[in-house]
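To start, the structure under review is shown below, and the notes come after it.
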Amino acid sequence: MAKIDFNNPHFELKIKLNSSLQDIKIHSQETTDGDEYFICELNDEQITQVRREKDGNWEQIWGKLDPTTINTIGAAISAKIEKQQNK
């Protein structure tokens, strides 16, 4: 997956959580091995950390969100990255 390359390493996405649209703050981070992952916050509290696996699937590496929500968050992050790359 391409590294996110924004002037600001933080961005917000609107995600449907608990039946309502929520503003989720996303922070791109990198492991010591150079793998990118994303910290997701709601109301300034961390709700999950996710990463995209080599097979393209999104995995939760911290948190207790259901797989459907993780896929929704991952798809929104992917769309944001793709949009940024096409500028």
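The values are calculated or read from the model by the stated rules, or taken from the named source; none is laboratory data. Here the structure is a predicted model, which is why all the values come from computation and not from measurement. Cβ: placed from backbone, ideal geometry, glycine included. Neighbour counts: every protein chain shown.
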Index of the failed condition, Y37 passing every other in (1) under 15 Å from G74 (Cβ atoms); (2) surrounded by fewer than 15 Cβ atoms within 10 Å (Cβ to Cβ): (2)
K54 fails exactly one of (1) at pLDDT below 95; (2) part of a helix (DSSP H, G or I), namely (2)
